[in-house]
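Just below is one structure, and these are the notes that go with it.
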Amino acid sequence: MNDAQLSVLSLLLEVSANPKPGNVDREHDFENLKYEHFLMSAVSAYPVFEDCMNKRGSIGLNFLKAVSTSYEICKTNVHFGAFMLLIPLVWCRGDVKEVRDVLKRTTYKDSLAVLSAFKLCKPRVMDVKELDLKDEDIKMEIVEKGINLYNWLKKSPEENVVARELIEGYWRSSRGARILKEYYESSKSLNNAIVYTYLSLLSSYIDPLIVAKHGINTARRIRELAYEVLRDFEEGNLDSVRKFDIYLLSNGINPGSIADLTAVSIYLALKGGLL
């Protein structure tokens, strides 16, 4: 399969894995975000991934196209973070070391495209001191200072794992890919390997979506709980995972950024010969 196909497959596998605590999967939906939305959004992005693979257009414009096409079909934000991570990576044919240099060569027009995508689907984001997506004057600042994607992402807080991943060489997702491959090789269950990878990432990193909605202390608590659940999962206790899922869902806690990292981990594992 080519990189565009692997990207779509990684998104489909991520949303289909179950139980994946706090996120939409094939067994449960959110009120305004359904399993089918993820399927439709992933498939709709194929032409954009293909453009990236063949270096047509630009990083920013391809991201805007992926988000806008998905939004037109689903009428809600589905893959904002996942598209943000995958599009530059597919542009570089999966070479995590190349992404940073590609982002350094973007222009303020790429940043404006990302801003347009944000204004379209309005995903929840963390508050920041500089270049806040919610700031009414941000467009003027981007143009006047010529701020490209790399320089914008550099200002992101440490907890914003999506932004940091882009400028730090995808080391979290690369770790996730290794975990996924090792677990799959020993278990022969792709579903369980994805769930295990998701829990491993959730137990290791703060989720910025949780921070944005519930605060940093809750995000830290969820990371600690995920570590305990991961240990139970290693001992074969799936009930613990399902209880954790129910707890997160009942409290409206959605580790969506960790799900994005999981999708990229799947893509990198597939590139590395997972299947």
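What follows is calculated from the coordinates using simple rules that are stated; it is not laboratory data. All figures in this text were calculated on a predicted structure; none of them were measured in a lab. Positions of Cβ are backbone-derived with ideal geometry, glycine not excepted, and every protein chain shown enters the neighbour counts.
Taking a threshold of 22 Å on the Cα-Cα distance, which of the pairs Lys122/Lys213; Lys75/Lys104; Lys75/Lys155 fall above it?
Values: Lys122/Lys213 14 Å; Lys75/Lys104 32 Å; Lys75/Lys155 30 Å.
Correct reply: Lys75/Lys104; Lys75/Lys155.
Order these peptides, 18-24, 81-87, by their mean beta-carbon neighbour count within 10 angstrom, highest first.
81-87, 18-24
Looking at (1) 1.01; (2) 0.98; (3) 0.95, which value of Rg/Rh (Cα atoms, Kirkwood Rh) comes from a calculation on the structure shown?
(3)
Quick check on region 172-271: take the gyration tensor over C-alpha atoms, sort the square-rooted eigenvalues as a ≥ b ≥ c, and tell me if it's rounded (a/c under 1.5), prolate or oblate. Mind dumping the intermediate values first?
Numbers: a/c = 2.21, a/b = 1.37, b/c = 1.62.
Oblate, because a/c is 1.5 or more while a/b does not exceed b/c.
So which GluC sites (Glu not before Pro) in region 1-71 are both in a DSSP loop and have at most 15 other Cβ atoms within 10 Å of their Cβ?
On the way: sites: Glu14, Glu27, Glu31, Glu36, Glu50; in loops: Glu27, Glu31.
Here the GluC sites (Glu not before Pro) that fit, given the DSSP loop and packing criteria, are Glu27, Glu31.
Identify all aspartates and glutamates with a Cα-Cα distance to Lys65 below 17 Å; exclude those on the same chain that are fewer than 8 residues away in sequence.
Counting by Cα, and skipping residues close in sequence, Lys65 has these aspartates and glutamates nearby: Glu50, Asp51, Asp110.
Students often check this: by mean Cβ neighbours within 10 Å, which of 95-102, 231-238 ranks highest, and how do the rest follow? Walk me through the numbers on the way to the answer.
On the way: 95-102: 15.9, 231-238: 12.6.
Top of the packing list down: 95-102, 231-238.
Tell me whether region 13-75 comes out rounded, prolate or oblate; compute the Cα gyration tensor, take square roots of the eigenvalues as a ≥ b ≥ c, and use a/c under 1.5 as the rounded threshold.
Values: a/c = 3.03, a/b = 2.04, b/c = 1.49.
In terms of gyration-tensor shape, prolate.
Separation of region 142-176 and region 44-72 by C-alpha centroid, Å?
19 Å
Ignoring everything except DSSP H segments at least 4 long, calculate the 222 nm mean residue ellipticity for the chain; use -39,500 (n - 2.57) per segment, divide by total residues, nearest 500.
Numbers: 16 runs with 188 residues, N = 275.
Result for the chain, helices only: -21000 deg cm²/dmol.
Arrange the peptides 106-116, 254-264 so that the one whose residues have, on average, the most other Cβ atoms within 10 Å appears first. Working shown, then result.
On the way: 106-116: 20.2, 254-264: 27.9.
Listed from highest to lowest mean packing, they are 254-264, 106-116.
For Glu235 and Arg178, what is the calculated FRET efficiency with R₀ set at 22 Å and r taken between the beta-carbons, to the nearest 0.05?
Working: r = 21 Å, r/R0 = 0.98.
Calculated value: 0.55.
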